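Q: Questions regarding the structure given below will be posed in turn.
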Amino acid sequence: MTLEFRPTPLDPAALLPRTARAAPALPPALRAACLARDDAQAGLDRLFAAGGLCVTTGQQPGLFTGPLYTLYKALSAAALARRLETALDRPVTPVFWVAGEDHDFAEAGHCHLLTLANEVRRLELPPRPADAPLTPLYREPLGEAVAPLLAAVRNETNPTEFRDAVLAWLEGHYRPEASHAEAFAGALAELLGRFGVVVLQPTHPAVKAAMAPLLLRALEQAAELEAALAADADRLRAAGRPVPVTVGDGATLVMLEGPSGRDRLVRDGGAFQARRSGARLGLADLRAVLEAEPERLSPNVLLRPVVEAALLPTLAYVAGPGELAYQPQSAPLYPRLGITPQPFVPRWSGMVIEARIVKVPEKFGLAPDDLALPEGQLEQRLVRGDMPREAQAALEALRQALPREYDALRDAAARVDPTLRKPVESARHAAEASLRDIEKRIVSHLKQQNDILVQQVAKARNNLFPLGKPQERVLTPAPYLVRYGPAFLDQAYAAVTRWAAALEPAPGGT
């Protein structure tokens, strides 16, 4: 087996956190919210012992564990935890926070499979009706439609010695009666337990009860927090930095689950109103909800990392591009809610390049990154090499001559009558467009004559830049696990471990 995990760093200047924070023992009740298999069981024990620390990461549920970057996040947390454990001589456990409160069904209900024919196939559950409640994913069952998608994984992957085990793993978790979050959490815990990854389900009643006081403070301080976020958003914009999460207009950081599903609470005078359902509740009403039904309230995307830092003894959060983009917006929340912020560390990012695929770009003198060019452009570049020299010379001569000769004609015509300038310029543009069209036609015929080349490039592109996007953001890991078995994860972890080992310590710290 020959696999290369080629890094594409999100931030080449990422630093290793150095702070060893005080870590009182976690409440034993939270243990019931954790899934731990194999080596992760020992890590879970150490996390709940006095002095236990953790590195966290997380993701909303995804079909069949979602894109490859989900694995890379979890393995990054595992490798970083091991590095910090050695550096600090303290127990450090990697924890994966499953954002099951999320209600984005369109994102969670599909994945992309690389088929036997090296084509990208979208596997998708039936869409949620437009008028349906925005049910959190931990309450949304997969339904019977998941069965044909599992069959598609079997039918579209290699009949290797590993396929039955991979299908058994997926089928054991992605059951019709299971929720999106339950299936996702269970599948990750089983797959990554040998790397020490503990999977945390924050929708568990014990976690909901633990986060309730912080959610209440966020509601009590809603106006203050909104003003701080708005001022910070203005500062970020003025500095030319992104502000991906909209703030203001009375929107709080807390979501309420009701008849319309998960709904944003908005300040309304001295009370709060659910944005979609219109339900109006006072602060006393929300206190009562938190006491009796804490599962109905959840943090939004900006408050979520603050909640994690409040509940867990976190040394660092391993983040993807989206989280790194909105993390600066969360910064004003920590001091106002009395929470020590955790450092964010960009996860390992990269592409897996198989020997059977790398041969294609090498054959044509290309680098794998060349396959990121839009479909058609690369093929045109390649087949141009087969264009007759006479045609290439004539096209180049015309490209140089047209502007020169038309400029001369324009100037001469303008001396006769200035109104002739515009028609000559229009004729020049038309001639240049015709020249481009002729070149495209020649290239198109060459592409037809080089059908094998075009097919090979297309297959390589589907592997490395499917749908024109980085591989890690599109393809689900199942086909790789089927082809290579446990060795696929072992080699991925080895690549991520090299990344963690190369991180330079941040200045300062204790």
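Laboratory data are not the source of any read-out in this text; all were calculated from the coordinates shown. What you see is a predicted model, and the numbers here were worked out from it, not measured in a lab. Here the Cβ is made from the backbone with ideal geometry for all residues, glycine too, and neighbour counts use every protein chain on show.
Q: Compute the signed sum of charges (Lys and Arg +1, Asp and Glu -1) over the other residues within less than 13 Å, Cβ to Cβ, of residue 255. List each step's numbers first, then the result.
A: On the way: positive: 208, 262, 264, 275, 276, 296, 304; negative: 101, 102, 104, 257, 263, 295.
Around residue 255, the surrounding residues sum to +1.
Q: Let me ask something else. Mind putting a number on the dipole of the range 59-153 about its Cα centre? Charges go on the C-beta only, +1 for Lys and Arg and -1 for Asp and Glu, and I need it in Debye to the nearest 20.
A: Working: 8 positive and 11 negative charges, 78 e Å.
That gives a dipole near 380 debye.
Q: Which option, (1) 24, 53, 21, 2, 0; (2) 20, 45, 24, 10, 1; (3) 21, 49, 25, 5, 0, is the value of P(r) over Cα pairs in 20 Å bins from 0, in percent that was calculated from these coordinates?
A: Identified label for the calculated read-out: (2).
Q: Calculate the length of the line joining the C-alpha centroid of the range 315-346 to that of the range 166-210, in whole Å.
A: When both Cα centres are located, 25 Å separates them.
Q: Considering only lysines 8 or more places apart in sequence, or on different chains, count the pairs in the chain whose C-alpha atoms sit under 25 Å apart.
A: 13
Q: Moving on to the next point. Which of the listed residues, 59, 316, 135, is farthest toward the dipole's positive end in the chain, when Lys, Arg count +1 and Asp, Glu count -1 at the beta-carbon?
A: Selected residue: 316.
Q: Now a separate question. Under the rule of -39500 (n - 2.57) per DSSP H run of 4 or more residues, summed and divided by the residues of the chain, what mean residue ellipticity at 222 nm is obtained, to the nearest 500 deg cm²/dmol? It would help to have the intermediate numbers written out before the result.
A: Details: 19 runs with 246 residues, N = 510.
-15500 deg cm²/dmol, from helical runs alone.
Q: Right, something else. For the chain, the longest stretch holding no GluC sites (Glu not before Pro) located in a DSSP loop with at most 16 other Cβ atoms within 10 Å is which?
A: Longest site-free region, per DSSP loop and neighbour criteria: 178-374.
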